[in-house]
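In what follows, a structure is listed as structure tokens, so that the remarks can point back to it.
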Amino acid sequence: MVKVSIVVPTYSCVNYLQRTMDSLGSQTFQDFEIILIEDDSWDGTKKLVEVYSKIPNVKVIWHEKNQGLGNTLNDGLVAATGDYIAIQHADDVSLPTRIEKQVAYLDSHPNVALVGTWCQNIDIGDKPMRDGWWLRQVKRIPDDPKVIHDKLLEMNCLIHTSVMFRKEMLTKTGWYDQGAVPSEDYDLWLRVSEHFDIGIIPQVLVQYRHHPTQISRTDGGNLMKEKARIAVERAKKRRGIK
């Protein structure tokens, strides 16, 4: 058994996956497994995943048909053997101390079930980009579970590709909801906040890649907003808020 399982959902990301995997291989904390879930990509991702499948600490789950992000993430969670689970999007980058610092945070904050970090925006060539409005708002939120609990009803203040959480929390919160995609992360954070404390490490430990095919830059951006609205409505209902 390992301390951390890093879940990496992959779908048609051949241009970025190697950089992502290299960033995980360069972590200062190495007691982890990587779970790659290949969701029936249409580009050359499958061939690249086949190469990584030969690395001892990498487990690969193959989807013969596209299952969608929520189901793909859940398959990774099921396969995870670590006490802690980190989410790593296949087009983003983890800086070298990311896993080490999140493990240390969860080890020293037993009341916290999930912790995120700040991020830096990068372009398709790894060049740093300026913070957008959303990221500037995220960086104003203190590492205070009460503030995060309340703020989540206003906005998704956690960066999906930055989170690490205790696997045991899933028995209370449930898993990712495929019906909530592409706001499946926000929907889960709201449920987590109703049972557990959430933390944020105020340091840039991941790089979030912007590219033309990501869902927030396509027609899927409107769907994301609508699914986020529904997730908040459900959360308010659960909390007895009108």
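The values are calculated or read from the model by the stated rules, or taken from the named source; none is laboratory data. The structure displayed is predicted, hence computed values, not measured ones. Every residue, glycine as well, gets a Cβ built from its backbone with ideal geometry; the counts of neighbours run over all protein chains shown.
Out of the residues in the stretch 128-158 that are among the basic types (Lys, Arg) and not in a helix (DSSP H, G or I), which is surrounded by the most Cβ atoms within 10 Å (Cβ to Cβ)?
Initial filter on the stretch 128-158 (among the basic types (Lys, Arg)): 130, 136, 139-140, 146, 151.
Keeping just the survivors that are not in a helix (DSSP H, G or I) gives 130, 139-140.
Values: Arg130: 8, Lys139: 14, Arg140: 8.
In this case the residue turns out to be Lys139.
Only one of (1) charged (D, E, K, R); (2) outside any helix (DSSP H, G or I); (3) free of Cβ contacts under 8 Å to residues at least 24 places away in the same chain; (4) under 19 Å from Ile122 (Cβ atoms) fails for Asp91. Which number is that?
(3)
I'd like the residue in the stretch 13-60 that is among the aromatic types (Phe, Trp, Tyr) and touching a Ser or Thr at 6+ places or on another chain (Cβ under 9 Å) and, out of all such residues, is nearest to Arg98 (Cα to Cα). Even if it seems obvious, please write down each step before you answer.
Keep residues of the stretch 13-60 that are among the aromatic types (Phe, Trp, Tyr), which gives 16, 29, 32, 42, 52.
Keeping just the survivors that are touching a Ser or Thr at 6+ places or on another chain (Cβ under 9 Å) gives 29, 32, 42.
Numbers: Phe29: 8, Phe32: 12, Trp42: 31 Å.
Filtering the stretch 13-60 for residues that are among the aromatic types (Phe, Trp, Tyr) and touching a Ser or Thr at 6+ places or on another chain (Cβ under 9 Å), the one nearest to Arg98 (Cα to Cα) comes out as Phe29.
Please verify whether Val192 is touching a Lys or Arg at 6+ places or on another chain (Cβ under 9 Å), in a helix (DSSP H, G or I), of a type outside the set (Asp, Glu) and touching a residue at least 12 places away in the same chain (Cβ under 8 Å), treating the condition exactly as stated. Quick ask: steps written out before the conclusion?
Details: touching a Lys or Arg at 6+ places or on another chain (Cβ under 9 Å): yes; in a helix (DSSP H, G or I): yes; of a type outside the set (Asp, Glu): yes; touching a residue at least 12 places away in the same chain (Cβ under 8 Å): yes.
Spelling it out, Val192 is indeed touching a Lys or Arg at 6+ places or on another chain (Cβ under 9 Å), in a helix (DSSP H, G or I), of a type outside the set (Asp, Glu) and touching a residue at least 12 places away in the same chain (Cβ under 8 Å).
Quick test of your reading of the structure: Trp175 fulfils all but one of (1) modelled with pLDDT of 95 or more; (2) assigned to a loop (DSSP other than H, G, I, E, B); (3) exposed (fewer than 14 other Cβ atoms within 10 Å of the Cβ). Name the failing condition by number.
(3)
Considering only residues that are among the acidic types (Asp, Glu) and closer than 17 Å to Lys59 by Cα, which ones fall in the stretch 27-48? Steps first, answer last, please.
Residues of the stretch 27-48 among the acidic types (Asp, Glu): 31, 33, 38-40, 43.
Hits for the stretch 27-48 are Asp31, Glu33, Glu38, Asp39, Asp40.
Go through the stretch 32-48 and give me each residue that's on the phi < 0 side of the Ramachandran plot and more than 19 Å from the chain's Cα centre (by Cα).
Of the stretch 32-48, the ones on the phi < 0 side of the Ramachandran plot are 32-39, 41-48.
Result: Ser41, Trp42, Asp43, Gly44, Thr45, Lys46, Lys47, Leu48.
How many residues are closer than 17 Å to Arg209 by Cα and surrounded by fewer than 16 Cβ atoms within 10 Å (Cβ to Cβ) when one looks only at the stretch 16-31? Full working, then the answer.
To start, the set of residues in the stretch 16-31 that are closer than 17 Å to Arg209 by Cα comprises 16-24.
Restricting the remaining residues to those that are surrounded by fewer than 16 Cβ atoms within 10 Å (Cβ to Cβ) gives 18, 22.
Selection size over the stretch 16-31: 2.
Looking at the stretch 201-242 only, could you name the residues that are of a type in the set (Lys, Arg), farther than 30 Å from Asn15 by Cβ and modelled with pLDDT under 95? If you could, list the steps in order and put the result at the bottom.
Residues of the stretch 201-242 that are of a type in the set (Lys, Arg), as a first pass: 209, 217, 225, 227, 229, 234, 236-239, 242.
Right, trim to farther than 30 Å from Asn15 by Cβ and you get 229, 234, 236-239, 242.
Listed by number, the residues that qualify are Arg239, Lys242.
Taking Lys237, is it basic (Lys, Arg), surrounded by fewer than 18 Cβ atoms within 10 Å (Cβ to Cβ) and closer than 28 Å to Ala80 by Cα? First the steps, then the outcome.
On the way: basic (Lys, Arg): yes; surrounded by fewer than 18 Cβ atoms within 10 Å (Cβ to Cβ): yes; closer than 28 Å to Ala80 by Cα: no.
So Lys237 fails the test.
For the condition in contact with a Phe, Trp or Tyr (Cβ under 6 Å, 6 or more places away or on another chain), without any contact (Cβ under 8 Å) to a residue 60 or more places away in the chain, farther than 19 Å from His211 by Cβ and buried (at least 18 other Cβ atoms within 10 Å of the Cβ), what is the one hit in Val115, Val4, Val58? It would help to see each step written out before you state the result.
Numbers: Val115 fails: without any contact (Cβ under 8 Å) to a residue 60 or more places away in the chain; Val4 fails: without any contact (Cβ under 8 Å) to a residue 60 or more places away in the chain.
On inspection, the qualifying residue turns out to be Val58.
Condition (residue is of a type outside the set (D, E, K, R), in contact with a Lys or Arg (Cβ under 8 Å, 6 or more places away or on another chain) and in a helix (DSSP H, G or I)) applied to the stretch 58-79: is it met by at least one residue?
yes
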